[in-house]
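The values are calculated or read from the model by the stated rules, or taken from the named source; none is laboratory data. Computed from a predicted structure; not experimentally measured. Quick reminder, even Gly has a Cβ in these numbers, built from the backbone with ideal geometry, and neighbours come from all protein chains shown.
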Amino acid sequence: MISEEEQNLIKKAKEGDEGSFEALILSCKGKAYNLALRYVKDEQDALDVLQESFIKIFRHLDKFKEDSKFETWVYRIVVNTCYDSLRKNKGRQQERPLAIREEEEGGELELPDNQPLPEDVLLNREHSSYLLQCLERIPEEHKRIVVLRDVTGLSYEEIADTLECSIGTVKSRLSRARQRLKEVYISGKT
């Protein structure tokens, strides 16, 4: 569960030590941002969600019961804030696919080129784009669990804590969600 070091940081943060709070947040900021980005699909919106989440965390730190990892509690708040943001912006939100960034090329130094062939890069991009489109076509509950496990890489335990359900429920929901995603994926390919 929680390490002794994390318990000390939480205790100090609850007592008002800003440095301890900052250390706790920095330990999970990157993963929390990636999680937000997967939900809201825009870098600026993800940063806004993250900022709003961190404000909520700071204000409600005293409510953290320490029965799960701090980062799991943070992810739960980020996911809920993402849903709040998506609901607020539903009417004005446009379809914005996640961009897949290309590697930047370096200077004059000659190194062996281990990069994939341009054709392979294009095929991977098309596949990723299609997979993201399919993900948008499955029910929200299914999308949520696939994103948490397969995109963000959270463990079953972290997902169970985030969604406040049992590990068995996570596994069964994930199985159904993957099956539904597979059906949507295959039906669009034919």
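General remarks:
- Residue satisfying condition, being in a helix (DSSP H, G or I) and either in contact with a strand residue (DSSP E or B) (Cβ under 6 Å, 6 or more places away or on another chain) or at pLDDT 90 or above (or both), within set Leu35, Leu9, Leu47: Leu47
- Pair list, Cβ under 8 Å, 6 or more apart: the stretch 158-174 residue more than 21 Å from Lys31 (Cβ to Cβ), other residue surrounded by 13 or more Cβ atoms within 10 Å (Cβ to Cβ) and modelled with pLDDT of 95 or more: none
- Out of Ser20, Ser53, sole residue that is in a helix (DSSP H, G or I), of a type outside the set (Asp, Glu), over 22 Å from Leu148 (Cβ atoms) and not assigned by TED's automatic domain parsing to the domain that holds Tyr156: Ser20
- Any chance Glu71 is in contact with a Ser or Thr (Cβ under 7 Å, 6 or more places away or on another chain), in a helix (DSSP H, G or I) and closer than 20 Å to Arg149 by Cα: yes
- Cβ separations smaller than 7 Å between residues 6+ apart or across chains give the following pairs from the stretch 17-29 residues that are farther than 19 Å from Ala46 by Cα to residues that are of a type in the set (Val, Ile, Thr): Leu24/Ile10.
- The set of residues from the stretch 45-68 being of a type outside the set (D, E, K, R) and either farther than 22 Å from Arg87 by Cα or loosely packed, with under 14 Cβ neighbours inside 10 Å (or both) comprises Gln51, Ile55, Phe58, His60, Leu61, Phe64, Ser68.
- Only one of Ala32, Ala13, Ala36 that is among the small types (Gly, Ala, Ser), touching a residue at least 40 places away in the same chain (Cβ under 8 Å) and farther than 17 Å from Leu61 by Cα: Ala36
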